[in-house]
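Peer 1: Submitted below is the structure of interest, expressed as C-alpha cells.
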Amino acid sequence: MESIDIFIGEHVLRISSASSAVMSLFSRTFPTVIRCGSFDFEPAIAVHLDEGYGSPFVDYNVGKQQTDTGTVRYARTDYIIETDEDCKQVAIKFHDELALKHAFMHLYSLYIVRSGWGLLIHSSCVTDNCGGHMFTGRSGAGKSTAAALSESESRGIIADEATILRIRPDEVTVFHSPFRSEIQTAAPLEPGQWRLSSIHLLHQAEQHRRMPIARSEGLIRLMDKVFFWNPSTDDTKAIIGLLRQTVHLVPLYDLYFRKDPYFWELISS
C-alpha cells in the first residue's frame, strides 16, 4: 500500500492505493498539487484509489444511490465514488486519467459544499498585489485565454479551470487549484490564499469595457458555474447560500475584452 498527503484549499487529503501505477497516474494528473511533506497533519479526507472501472467518458450524468451499508455511491460511466455522508472516508474506482480528474473534482466539491466551507467554480483566477481576480463565463468565453494573457512579474495564475473559493461571513478567499485544464505549472507550489477582489463574466469583443453587475443578477448568472453533480434539495440550498454570501462581499462585472493584456487597465484602475 502506498500513500501521500496533499493540500487542497485548507484541507489535507490522504491518497492511497495498492498500485504504484495508480499513484504515479495521480501525480501525473495533478502535477501542481501541493504535498504536505514531512509535516504531521491529520487528513480531513481519506481517499483510496483503484483503476479498471467502467468505460470511457460518455457524458456528465452522474447517478446517486444509497447503499445498504449507509454509504452513498455516485456513478458515471467512467468512475464510481463511494463515500460516507461527510465525505471523509472515500473509495474511488476510475477508468482513465480524465475519470480520475473529474472524480476528484466531484469529491472535493461535495466536501466543501456539505461542510459549508466554500465552492468550486468553473473559472480561471489570477492574483496580483490587491488579491485574486476570477474570470468566468460560458464555454469558450476565454477563461484560460484571460488567465494566460494576465501572467506577468506582478500577476500569477492560480486556476485556469476551477477556482477554489473559501467563503466566510466577512471575506471570500481563493487558493491555488490543482484542477487544471491547460496551464499546469504557472501556480506557486506552496500553500497560500488571497482575498477575492473581483469576479468577471467574460465576453470577447473588439474593445475593452467593464460594466458592474447587480448582486441579484450576479447570483443567478453564477449558479451554473458551480461544479456540482446531482445536487439534493439541501445541496442546492447550501450552494445558493454560499453564492449569496459571495456576491454580497465581492463586486461582479461584465468584462468585454480582446486578446491582449490591456484589459488589466480596467481592473487595476
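Peer 1: Send over a whole-number figure in Å² for the accessible area per residue of the range 1-153, probe 1.4 Å.
Peer 2: Solvent-accessible surface per residue comes out at 44 Å².
Peer 1: For the range 120-268, what ratio Rg/Rh do Cα atoms give with a Kirkwood hydrodynamic radius?
Peer 2: 0.94
Peer 1: While we're looking at this one, here's another question. What Kirkwood hydrodynamic radius, in Å, does the chain give when the mean of 1/r is taken over all pairs of distinct Cα atoms and then inverted?
Peer 2: The answer is 19.1 Å.
Peer 1: Rg and Dmax in Å for the range 1-108, alpha carbons only: what are they?
Peer 2: That works out to 13.5, 40 Å for Rg and Dmax.
Peer 1: Does a label point 7 Å from the Cα of residue 224, set along Cα-to-beta-carbon, have any residues of the range 96-122 with amide nitrogen under 20 Å, and which are they?
Peer 2: 120-122
Peer 1: Still on this structure, I have one more. Quick check: Cα centre of the range 199-221 to Cα centre of the range 79-135, how many Å?
Peer 2: Centre-to-centre distance over Cα atoms comes out at 25 Å.
Peer 1: Hey, if you put +1 on the Cβ of every Lys and Arg and -1 on every Asp and Glu Cβ in the range 120-268, which of 219, 196, 256 ends up farthest toward the positive end of that dipole?
Peer 2: So the residue we want is 219.
Peer 1: Give me the lysines in straight-line cross-link reach of residue 143: C-alpha distance below 21 Å, same-chain residues under 8 apart excluded.
Peer 2: Candidates past the 8-residue exclusion: 101, 225, 259.
Peer 1: Projected onto the charge dipole of the chain (+1 at Lys/Arg Cβ, -1 at Asp/Glu Cβ, origin at the Cα centre), which of 109, 130, 52 gives the Cα projection farthest towards the positive end?
Peer 2: Positive-end residue among those listed: 130.
Peer 1: What part of the accessible area of the chain, given as a whole %, is carbon or sulfur when the probe is 1.4 angstrom?
Peer 2: Answer for the chain: carbon and sulfur cover 49 percent of the accessible area.
Peer 1: Here's another thing I want to ask about it. Determine the order of 208, 48 by accessible area, beginning with the largest, at a probe radius of 1.4 Å.
Peer 2: Result, largest first: 48, 208.
The values are calculated or read from the model by the stated rules, or taken from the named source; none is laboratory data. What you see is a predicted model; the values in this text were computed from it and never measured. Methodologically, a virtual Cβ is constructed for each residue, glycine included, from the backbone with ideal geometry; neighbour enumeration extends over all protein chains shown. The protein model used for the area step is the full one, side chains on, heavy atoms only, and it has no ligands, DNA or RNA in it. Shrake-Rupley method; radii C 1.70, N 1.55, O 1.52, S 1.80 Å.
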